[in-house]
């Protein structure tokens, strides 16, 4: 698949990428792969936040008060059409929680020895890669217990995405539900809320 | 903190009081001068002659009317699709207290295309000057450092060349196009420069204008809130008791008859007035006033076929000044295009051309970047094993600044 952005901030547990095109981030809960220093190694992350803002903290922030902009009213996509410079001064970024890596054609569901370097490419994963990655549910735990991210929402979104990529979505949802139940056996309310989000 | 706000506050209040007073005075004089302008509408030719007669002998700036004084041109229709290029620059001046003698010019480059297939390309191009030839101009034994005003002149040249390059690269002639710059096209800063310095920069600047003329893309520059008193200078002639066009007599300030008769000079009514004041009530949204040629010495003597003309245009609550070279001014189609595209840019940019705002954003070097540049230079010198150290004065200042 085509690269969609490059790493702009990186650490062992998560990395942030700048998307090459405005509003063209991988979706929330999507699996992305970042190239590593070692050409044989790639780091997998789950997108937990997408944000779009001005590249220039002070200068490019403009008032778009109301719809009356050029005398006639402009809304939504029309604004971007009439102001092509916006696509250049706004930037979409997305952050991913590192959940594993691949090395020598094997997938590992734990943290890689090195995070992906800044400026290295980030690719979205297709259905086949997503299915291969989700053969094991070991990463559920890393997602559920990650701090300062909407972890339950993220896990639910990931499970739904994986289910859609498989030939039998229902079977996967049921299996995943069981796995989550094991992890959240001490917290009935949280489990209940999560299961509702992945109900077949 | 060493600014005494108690003492300052008092002075600021006094300043506001006196500003309010002088505004009333200016308003009443503006009305009289604007009325005189209206009454002179039919005599454009006469006042153009008066300007030519007085150019050498009067002590103020002039604008030569090229169109009838009462011209009010409504906004021409804006093309559905158009493209434009713009550049703007910033500079870091030669730093005498820094580690090594160098100067930096950063040029912001903007390409925008509107309409059918909208597209934007923004980037910036830095130029580092550090060699002897970069930093000094020499003429025989004389050696002039390129800093301050002269570095600004070099920046103007770089902006121009970048604009011409951008036009070659991005404008394919399929759409109506415009090349836009910020500020004036008249290189005032060189007016008092030594001859060889003036020649050096002007030659390069004019060859950029020549490139643009050949490419057929009109060049214009935009001045927001212009302070120029050139039309006001021409207005002075209308109050001058000594001007007699029929007799071939222009204004001679050294022999002013009012001063000889111990009166206040009649033209004093125009003092402090600017061109925008005179046109403020004549132009409504999007309209432009008549075309004038700027009669500043450097323009008349050096610009030749690129002689800079200008008009004022109403954009919201301000009048902006748009300058064009003669070859645009004499081409009605190109002039209309400049008029409408500049206005469209202002509308899209909330009162200031989008392309110029973007070019400025690209060009500006902020203080963290400035520091990063400094560190880059120091690090690189260190690795090159050149002793690198700032002056004691700089180090002391950085300590106080924290």
For the ranges B:145-153, B:82-90, what's the packing order if you count other beta-carbon atoms within 10 Å of each residue, average per peptide, and put the highest first? B:82-90, B:145-153
For region B:22-93 and region A:131-200, write down the distance between their C-alpha centroids in whole Å. 72 Å
Among B:162, B:191, B:20, which one shows the biggest mean-square fluctuation in a GNM of chain B, springs joining Cα atoms closer than 10 Å? B:20
Could you check how many percent of all C-alpha pairs in region B:54-172 are farther apart than 19 Å? 66 percent
Could you check how many percent of all C-alpha pairs in chain B are farther apart than 35 Å? 39 percent
Please determine, in degrees from 0 to 90 and to the nearest 10, the orientation of helix B:332-348 with respect to the longest principal axis defined by the Cα atoms of chain B, where the helix direction is its Cα long axis. 60 degrees
What is the helix-to-structure angle for A:151-165, meaning the angle in degrees between its Cα long axis and the longest Cα principal axis of chain A, kept from 0 to 90 and rounded to the nearest 10? 80 degrees
Averaged over residues of A:80-87, the number of beta carbons from other chains lying within 10 Å of each residue's Cβ is 6
For a quick check: sort A:133, B:292 by the number of other beta carbons within 10 angstrom, fewest at the front. A:133, B:292
Expected integer from the mean partner chain Cβ neighbour count at 10 Å over B:346-357 is 2
Between residue B:285 and residue B:207, how many nm apart are label points set 7 Å from Cα along the C-beta direction? 4.6 nm
Please compute, for peptide B:111-123, the average count of beta-carbon atoms on other protein chains lying within 10 Å of each residue's beta-carbon. 4
Can you list, largest first and rounded to whole Å, the semi-axes you get for the protein assembly as shown by taking the square root of 5 times each eigenvalue of its Cα gyration tensor? 61, 30, 24
The exposure ranking of B:158, A:49, B:169, A:104, fewest beta-carbon neighbours within 10 Å first, is A:104, B:169, A:49, B:158
Pop the C-beta distance of residue B:261 and residue B:16 into the FRET formula with R0 = 41 Å and round what comes out to the nearest 0.05. 0.60
Which FRET efficiency value, to the nearest 0.05, is calculated for residue A:181 and residue B:41 with the Förster distance at 56 angstrom and r the Cβ-Cβ distance? 0.05
So how far apart, in nm, are the two label points at residue B:142 and residue B:174 if each is 7 Å from Cα heading toward Cβ? 5.1 nm
Cα-Cα P(r), chain A, percent of pairs per 5 Å interval: 1, 7, 15, 17, 16, 13, 11, 9, 6, 4, 1, 0
Rounded to 0.05, the calculated FRET efficiency for the beta carbons of residue A:195 and residue A:40 at R₀ = 30 Å is 0.20
Subtracting the Cα-Cα distance from 0.36 nm times the residue separation, let me have the gained length for residue A:127 to residue A:164 in nm, one decimal. 12.5 nm
Going by C-beta contacts inside 10 Å, put B:235, B:212, B:15, B:170 in order with the fewest on the left. B:15, B:170, B:212, B:235
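Bear in mind these aren't lab numbers, they're just calculated from the coordinates by the rules spelled out. Keep in mind that what you see is a predicted model, and the values were worked out from it rather than measured. Glycine gets a Cβ as well: all are built from the backbone with ideal geometry, and neighbour counts include every protein chain shown.
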